[in-house]
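In what follows, a single structure is set out as structure tokens and then discussed.
Only the coordinates and a few stated rules stand behind these numbers; no lab work does. Just so it is clear, the structure is predicted and the values come from calculations on it, not from any experiment. For neighbour counting, all protein chains shown are included, and Cβ atoms are generated from backbone atoms with ideal geometry for every residue, glycine included.
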Amino acid sequence: MSGAPRLTIDLDKIGHNAQQLAQRLGARGIAVTGVTKACLGSPALAATYLAAGIASLGDSRIDNIARLRATLPSVQLTVIRSPMLSEVQEVVSQADVSCNSEVDIIRALSHAAQTQGRQHQVILMLELGDRREGIMPDDLASYVRVTIAMPNIVLMGIGTNLACRSGVVPDANNMATLSSLAGAVETQVERQLTTVSGGNSANLEWALSEADTGRVNDLRLGEALLLGRETLHRHALKGLHIDAITLHAEVIESKRKPSQPCGQIAQSAFASAPVATDRGIVTQSILAIGQQDIDPADLLAPSGIHIKGASSDHLIIESDGALLPIGSEVAFLPGYSALLRAMTSPFVKKIWKPSYQWSDDSQQSVINPATVPPQKPSL
């Protein structure tokens, strides 16, 4: 036994996903920047991406970038979140590229690059509707002028990010706008930009369609590589594994209980209590994992298992049929939110399997989630 709770990460399946997407997008003239932030800059994950044909890596946290740099000194690394002023020295020393939308930060990167005797490349991020980071398009020309004048800074390209804050869909219109802006910048700087980064896993529906990809030649992919899904509708991508990562949690209580709470109802541990309906006596189990470790609303449960609630340390489920044995495990497919939290939690073990094969012949494994159609948890 590897202990629970734990994430099991199948690098063979992730490698397959990465290879497939790198090939499919490559045929459309789009390179993949493999994003490692969900797995905390794991060198094992990075090596899997590189072996699958992905040539560059990105992460939002400088600690993860430094971890990658220590093991991959020659790979292009991009900081995909705008650097903090307090970390520009580390960004310049550890990363080749950073995404930026503020002149003050680019100026600080320039100063850090001068003191270190290095060149640092920047991608100017544009606001195209999602209302997260980005320069307003009308201001882009002035940002370009300032950026190209800064010593030791190289304008590598432009990019955008959609669907992360407001769910704005990357489509033919906003991608055409990005391509048009790339052309305008190239006229201004009198050279071709190296990178026009169209976005993230939400772009795959557009990028893999028959749409004209224009000047877009890069996507920053994380969730699609790890979980085999696009992120607009969370639909599985054809030919990709959706079960490369599984979450295992152990049963610590298993009883038949009334479904209806008893007593006056106020706030629960996390402010709002779910509205309960009286369904009589139910078969309830408690798993040793909770809000501190995962996002319970972002777990796909196996057939016959129903997620009913969670506190900081407990996940409450109901099962069809017999009581689950104490000490047995239930395996879930985590969504991106649940994966982020579980990977970050020190209380969730991480088991990396270069050649992982599921086995359900142990009483400790209750269900193989690979055979289960996705369900929305009912919290």
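Summary table below
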| read-out | value |
| --- | --- |
| Equivalent ellipsoid, the stretch 208-288 (semi-axes from 5 times Cα gyration tensor eigenvalues, Å) | 43, 18, 13 |
| The stretch 312-329-the stretch 224-267 distance, computed between alpha-carbon centres (Å) | 13 |
| Gaussian network model of the chain, Cα within-10 Å springs - most flexible of E190, E205, E87 | E190 |
| Of every Cα-Cα pair in the chain, the percent that sits beyond 38 Å | 27 |
| Pair R118, T344: separation of 7 Å Cα→Cβ label points (nm) | 2.6 |
| Rounded tilt (10° steps) of 172-189 against the dominant C-alpha axis of the chain | 30 |
| Ordering of 144-155, 119-130 by burial proxy (mean other Cβ atoms within 10 Å per residue, highest first) | 119-130, 144-155 |
| Fluctuation leader among H248, H16, H314 - the chain, Gaussian network, Cα springs under 10 angstrom | H314 |
| When the convex hull of its Cα atoms is projected in every direction, mean area for the stretch 185-322 (nm²) | 13.4 |
| Cα centroid separation, the stretch 102-180 to the stretch 47-64 (Å) | 21 |
| Degrees separating the helix 62-71 axis from the principal Cα axis of the chain, which is the longest one | 80 |
| Principal semi-axes in Å for the stretch 11-227 [√(5λ), Cα gyration tensor, largest first] | 25, 23, 14 |
| Virtual spin-label span in nm between Q292 and A27, 7 Å along Cα→Cβ | 4.9 |
| Considering only the chain, percent of DSSP beta bridges that pair antiparallel, nearest 5 | 45 |
| Dipole of the stretch 49-179, positive end: most advanced residue of I65, V88, I153 [Cβ charges, Cα centre] | I65 |
| Gain on full stretching of the segment that runs from S86 to R191 - 0.36 nm per residue minus C-alpha separation | 34.6 nm |
| Total lysine pairs whose alpha carbons fall under 23 Å of each other in the chain (8 or more apart, or interchain) | 12 |
| Cα gyration tensor shape for the stretch 245-371, rounded if a/c is under 1.5, else prolate or oblate | oblate |
| The chain: angle of helix 11-26 to the longest principal axis, Cα-based, in degrees nearest 10 | 40 |
| The chain, helix-only ellipticity at 222 nm - DSSP H runs n ≥ 4, -39,500 (n - 2.57), divided by all residues, nearest 500 | -8000 deg cm²/dmol |
| FRET efficiency, W352 to V169 (Cβ-Cβ, R0 56 Å, nearest 0.05) | 0.95 |
